[in-house]
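Shown next, in structure tokens, is the structure this report addresses.
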Amino acid sequence: MEKSYLEATFQKIEDNIKIIRFNVEKAAKESGRNAKDVKIMAVTKTVEPVYINKAIELGIDLIGESKVQEFIGKKDELRLDNIEKHFIGHLQTNKVKNIVGSVDLIQSVDRVKLAREISKHSIRNNISTKVLLEVNIGKEESKFGFMPEEVHESLAQISEFQGIEVCGLMTVPPISSNIDETRSFFSNMRQLFIDIEAKKLDNVNMNVLSMGMSGDYVHAVSEGSTLIRVGSAIFGNRNYR
Ligand SMILES: *Cc1c(COP(=O)(O)O)cnc(C)c1O
């Protein structure tokens, strides 16, 4: 890779992170929130380690990977010692063993069976694994996640599992050009988050509300997100080879 290209890309990443921080601060302030309560995750799928390490060096709050094979392949080249890392992609039951113990939190628990498998491997490794439940807030056929009306019942089952700690909720809302619609999905997530916390279940504490991506994170912050997951707005458009 040519040095000037690398330097220019580093600069772009730095500028992008500054812009996102600025926008988060503005949205937080306007909605009476503290920007410190909103963590910014760099979503690293398809991104080469040299750029991920740059984002880490620039002080991004955490990183998120969504493909098991890709994460395993890149992991040794990443400077992960002092950064929180989450798994955010769809996780097949037979790959749970590759992820439990390698990340700080799994955001994409979308079925009771997956939670049971995470529990099993955590117990085997003598650890406790933090997870978020993924909610299909727009009830889309094409998406993973618990339907909003089934979250409470599934959570009651999951809260019985050992070696697993539910720390909050995650969602990817429907793509919409209507801001009011997008905001209402985020607002429904926030209500679900509050309702679950009020139940005071064992092994369940609603600390993380993970919502907002490159195209909609400002609205997510306005509606109460505590963790935004940003890929292309940091690293540029993804190149799926
Ligand atoms: C890819 C991805 C993101 C980031 O998407 P951008 O639009 O590039 O910010 C966030 N969350 C999940 C679950 C993803 O898979």
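The values are calculated or read from the model by the stated rules, or taken from the named source; none is laboratory data. All values derive from a computational prediction rather than experimental measurement. Cβ placement follows ideal geometry from the backbone for every residue including glycine, while neighbour counts extend to all protein chains displayed.
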| Do we find that SER154 is touching an Asp or Glu at 6+ places or on another chain (Cβ under 9 Å), away from the ligand (no atom under 16 Å from the Cβ) and modelled with pLDDT of 95 or more in this structure? | no
| said: For the condition under 21 Å from ASN207 (Cα atoms) and more than 14 Å from the ligand (Cβ to nearest atom), what is the one hit in PHE146, PHE87? | reply: PHE146
| query | Among ALA55, ALA28, which is the only one that is buried (at least 22 other Cβ atoms within 10 Å of the Cβ), small (Gly, Ala, Ser) and more than 11 Å from the ligand (Cβ to nearest atom)? | reply | ALA55
| request: Could you list, in sequence order, all residues of the range 222-238 that are within 14 Å of the ligand (Cβ to nearest atom) and within 25 Å of VAL131 (Cβ to Cβ)? | output: SER225, LEU227, ILE228, ARG229, VAL230, GLY231, ILE234
| message | Being in a loop (DSSP other than H, G, I, E, B) and either among the small types (Gly, Ala, Ser) or more than 16 Å from the ligand (Cβ to nearest atom) (or both) is the filter here; which residues of the range 168-193 pass it? | response | SER176, SER177, ASN178
| task | Scan the range 134-155 and give yes if some residue there is among the polar types (S, T, N, Q) and under 18 Å from SER31 (Cβ atoms), otherwise no. | result | no
| task | Mind listing whichever residues of the range 141-164 are of a type in the set (D, E, K, R), surrounded by fewer than 17 Cβ atoms within 10 Å (Cβ to Cβ) and closer than 20 Å to PHE193 by Cβ? | result | GLU149, GLU150, GLU153
| said: Return the residues of the range 160-177 that are at pLDDT 95 or above and among the polar types (S, T, N, Q); say none if nothing qualifies. | reply: GLN162, THR171
| Is one or more of the residues making up the range 194-207 under 19 Å from GLN107 (Cβ atoms), within 16 Å of the ligand (Cβ to nearest atom) and either in a helix (DSSP H, G or I) or of a type in the set (A, V, I, L, M) (or both)? | no
| remark: ASP81 passes all but one of the listed conditions (1) surrounded by fewer than 14 Cβ atoms within 10 Å (Cβ to Cβ); (2) touching a Ser or Thr at 6+ places or on another chain (Cβ under 9 Å); (3) within 22 Å of LEU227 (Cβ to Cβ); the exception is number (2)
| field | Failed item in (1) within 16 Å of the ligand (Cβ to nearest atom); (2) in a helix (DSSP H, G or I), with ILE106 passing the rest | value | (2)
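Confirm whether GLU141 is among the acidic types (Asp, Glu), more than 13 Å from the ligand (Cβ to nearest atom) and assigned to a loop (DSSP other than H, G, I, E, B).
Taking the combined requirement at face value, the residue satisfies it.
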| note | Wholly inside the range 6-99, helices (runs of 4 or more DSSP H) that include 3 or more residues that are within 30 Å of ARG116 (Cα to Cα) are 68-74, 96-99
| field | Residue satisfying condition, being touching a helix residue (DSSP H, G or I) at 6+ places or on another chain (Cβ under 7 Å) and free of Cβ contacts under 8 Å to residues at least 24 places away in the same chain, within set SER154, SER176, SER222, SER184 | value | SER176
| field | Members of the range 211-240 that are small (Gly, Ala, Ser), crowded, with 18+ Cβ neighbours inside 10 Å and part of a loop (DSSP other than H, G, I, E, B) | value | GLY212, GLY224, SER225, GLY231
